[in-house]
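So the structure is just underneath, and the comments pick up after that.
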Amino acid sequence: MGDTGATLLPRLAAAVGELNVLTAPADTEPYLVDWRGRYRGAARAVVRPASTMEVSAVVRICGDEHVAIVPQGGNTGLCGAATPLEGDDQIVVSMMRMNRVRALDADNATMTVEAGATLVAVQQAAADAGLFFPLSLAAEGSCTIGGNLSTNAGGTAVLRFGNARDLALGIEVVLADGRVWNGLRSLRKDNTGYDLKQLFIGGEGTLGIVTAMVLKLYAAPRARVTAFAAVSDVEHAVALLRHAKQALGDRLTGFELISALALSLSRKHHLGLPDPLPGHPWYALLQVDDTVAESSLVSLVEDALAAAVESALALDATVAKSNEQADKLWALRENISEGQRREGPNIKHDISLPVSAIPAFLAEAENALRAALPGVRFVIFGHLGDGNLHYNLSVAEGRDPQAFMSNASVANRIVYDVVDAVHGSISAEHGIGQLKRSELRRYKSEIEIELMHRIKAAFDPGGLFNPGKVI
């Protein structure tokens, strides 16, 4: 890296304003550590541009000065992609000031929004227009839509609406030489060559900085039903999913799997949450929506669940009778991660498998892990509807947490080897970042890694964007 002391900071200040170039440790600290506290890095400055042209200017300056850039949204990522490395000559570019809704076309059912808008702000803008943006995550109040696209976020509605990449029609990107590619097309059909936007979506800021995007919107749900079912094992949960798809069709928006231990940790650390169907080993949380206001949705869901209980697919089931009850059922699911965090250190896995392979995976992985980590506790939950499990391991009560965490690499190898054997993925929705770089090289084929390096070299020959992440 070059000598940047004399010119870098003054040039950045001229581009974005002196108040938006942060260098004091107290000001930069929140940007230099991930929210889990797993990664901490260093940066010459945190720069906060307010427009695409300012981002372009920052990129050109950093190219001239040979300084790398770490793009950052809400800093809620789970794999360290938005955290700078230690000791490297780099800046953090925070996108939080770029948060405008540029356009909303109700007839075309699209919204053009800047990358720094929070997910909840995007959802609200759609709702204000009588429409619906379906991406939903636990961190939606603080994560940004740019970060969501950067990691190809999933969430609770993938079963019905797909991942973040399925919800984006076009993007605007600042490239490594500072040029701006305006790909903000709002077309659902466009067969004019390579779909370049898909290289940047899920790229974790390693190929360019996405500054804005065109998002798909949908008709707003006018009838919503939340239900909770108990099942004897995951085989029955898979069968219940198949039954619910057949009975409810596209109205089935979400189907979450929750283990009894995961549920108990959520309730233990969040007093006041209900215990709707106590005493069962596994649970399914169903979200069912309809755009028809006078829908018979409640009776449809009740009939489907009654049939499931009668045929022994489910042991018991309940349907929320109010919005408050529905919110509390979802709170059980959404507070699992926080409950597990309060319980102590844990080894997390965000994996994706064919839904049909999940029961066998769980059995094989549990047997191997119990032999390698005596007393391990399995905190399992996730989006069964799309095959995404959050397969987390907690230390047994009364055992040394640090000794347990020292076996993380052993646990990871067991889990990922079983995932790979059934052609699954070691990262379903959290990305690669710093956390899984070495794992990516282990489980991707040589040709895939080669192609990824060639794409990186073509788009970012100087290694400007987010070094040390993904590949």
key: Among the candidates Ser150, Ser186, Ser232, residue that is of a type in the set (Ser, Thr, Tyr) and in the same structural domain as Phe255 (by TED's automatic domain parsing)   = Ser232
Helices (runs of 4 or more DSSP H) wholly inside region 319-400 containing at least 1 residues that are touching a Ser or Thr at 6+ places or on another chain (Cβ under 6 Å) = 323-334, 336-343
Elements of type helices (runs of 4 or more DSSP H) contained in region 144-263, each with 3 or more residues being crowded, with 22+ Cβ neighbours inside 10 Å = 145-150, 234-248
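Yes/no per residue for (1) farther than 24 Å from Ala153 by Cβ; (2) surrounded by 20 or more Cβ atoms within 10 Å (Cβ to Cβ):
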site	(1), (2)
Ala357	no, no
Phe361	no, yes
Ala365	yes, yes
Ala371	yes, no
Pro374	yes, no
Gly398	yes, no
Arg413	yes, no
Ala421	yes, no
Ser438	no, no
task = Give region 309-352 a look and list any residue that's surrounded by fewer than 18 Cβ atoms within 10 Å (Cβ to Cβ), over 23 Å from the mean Cα position of the chain (by Cα) and among the small types (Gly, Ala, Ser), or say none.
result = Ser311, Ala312, Ser322
query = Could you give every pair whose Cβ atoms fall below 6 Å, whose first residue belongs to region 404-421 and is touching a residue at least 12 places away in the same chain (Cβ under 8 Å) and assigned by TED's automatic domain parsing to the domain that holds Gly375, and whose second residue is assigned to a helix (DSSP H, G or I) and surrounded by fewer than 20 Cβ atoms within 10 Å (Cβ to Cβ), counting only separations of at least 6 or pairs across chains?
reply = Val410/Ala372; Ile414/Ala368; Val418/Glu364; Asp420/Tyr443
message = Criterion first (without any contact (Cβ under 8 Å) to a residue 40 or more places away in the chain, surrounded by fewer than 22 Cβ atoms within 10 Å (Cβ to Cβ) and assigned to a strand (DSSP E or B)) does Ala103 satisfy it?
response = yes
message = Going by what's in this entry, would Gly279 be described as out of contact with any helix residue (DSSP H, G or I) (no Cβ under 8 Å at 6 or more places or on another chain), assigned to a helix (DSSP H, G or I) and surrounded by fewer than 23 Cβ atoms within 10 Å (Cβ to Cβ)?
response = no
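The values are calculated or read from the model by the stated rules, or taken from the named source; none is laboratory data. If you're wondering where the values come from, they're calculated on a predicted model, not measured in any experiment. Reconstructed Cβ throughout: ideal geometry from the backbone, glycine too, with neighbour counts over all protein chains shown.
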